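A short reminder: the numbers here are calculations on the coordinates, not readings from a lab. Note that the structure is a prediction, hence the values are computed from the model and not measured. Cβ placement follows ideal geometry from the backbone for every residue including glycine, while neighbour counts extend to all protein chains displayed.
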Amino acid sequence: MNKFVGHIVTSVLCIIIPLVGLVYGFWDIHQPKTGPVGDGKPNYPTIPQLIPIISCFLLGVGNLPFAIMRYKQNIKNQKDKKN
């Protein structure tokens, strides 16, 4: 049962971590950076910077239903083996 729970946990982490990263990134973009660290203009993320974040999120969203389905099948199989 541990690998099924691990699959669910990993899928949820693949959904949450990119969202937290995006929220932090957009918060950081809108902080004024003047003086030696910048000229005050926000540096928006580029497509190559967003590809890993978006792909990790999509993998988590795609795998979560399968992880839940496999977990339910495992519980059903364990109940059938006990009876």
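Summing charges over all other residues whose Cβ lies under 12 Å from the Cβ of residue 42, with Lys and Arg as +1 and Asp and Glu as -1, gives 0. For the chain, relative contact order (Cα pairs under 8 Å, six or more residues apart, normalised by length) works out to 48 percent. Largest first, the three principal axis extents of the alpha carbons in region 2-82 are 69, 18, 13 Å in whole numbers. Fully extending the segment from residue 80 to residue 8, taken as 0.36 nm per residue of separation minus the present Cα-Cα distance, adds 23.7 nm. Backbone geometry of region 57-69 corresponds, through the Karplus equation with coefficients 6.51, -1.76 and 1.60 at θ = phi - 60°, to 3J(HN,Hα) couplings of 4, 5, 5, x, 5, x, 7, 4, x, 5, 5, 5, 5 Hz, x marking Gly and Pro.
Proximity of backbone amide H atoms, modeled 1.01 Å from N, is registered between residue 33 and 40 at under 5 Å, excluding neighbours fewer than 5 places apart on the same chain.
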